[in-house]
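Here's the structure we're looking at; comments come further down.
The values are calculated or read from the model by the stated rules, or taken from the named source; none is laboratory data. Source: prediction; values computed, not measured. So basically every Cβ, Gly included, is an ideal-geometry build from the backbone, and we count neighbours across all protein chains shown.
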Amino acid sequence: MEDGRQVFVAKWYAQNAARSMEGYVADARRAAALLAAEASVLEVAPGPGYFAIELAKLGGWRTVGLDIS
C-alpha cells in the first residue's frame with residue numbers, strides 16, 4: 001500500500017475507533033479484574049492501542065501492544 005494511503009487509512013481508523021472509547025475502558029476494567037498484580041499483557045494487533053493504553057492506566061502490570069503497522 002502506498003505510504004500516503006497508509007497514513008490516510010490509519011487516521012481514519014483511529015478516528016472511528018475512538019468513538020468506542022467507553023467500550024475499551026469497560027473491557028480494560030474487566031480484564032484488569034482478572035490479572036495478577038505482576039502480570040504481563042500482550043495485545044496482538046491492537047490498532048491504535050486504545051485497549052492496551054486503558055489497561056496500562058489501571059494497574060502495575062506490563063502492557064505491550066504489537067501491531068504490524
Which number in (1) modelled with pLDDT of 95 or more; (2) touching a strand residue (DSSP E or B) at 6+ places or on another chain (Cβ under 7 Å); (3) not basic (Lys, Arg) marks the one condition that GLY49 misses? (1)
Quick one: is GLN6 part of a helix (DSSP H, G or I), surrounded by 10 or more Cβ atoms within 10 Å (Cβ to Cβ) and either touching a residue at least 60 places away in the same chain (Cβ under 8 Å) or in contact with a strand residue (DSSP E or B) (Cβ under 7 Å, 6 or more places away or on another chain) (or both)? yes
Which one of these is in contact with a Ser or Thr (Cβ under 6 Å, 6 or more places away or on another chain) and exposed (fewer than 15 other Cβ atoms within 10 Å of the Cβ): ARG19, ARG62? ARG62
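Do we have any residue at all in region 27-43 that's among the β-branched types (Val, Ile, Thr), loosely packed, with under 13 Cβ neighbours inside 10 Å and not in a helix (DSSP H, G or I)?
No, every residue in region 27-43 fails to be among the β-branched types (Val, Ile, Thr), loosely packed, with under 13 Cβ neighbours inside 10 Å and not in a helix (DSSP H, G or I).
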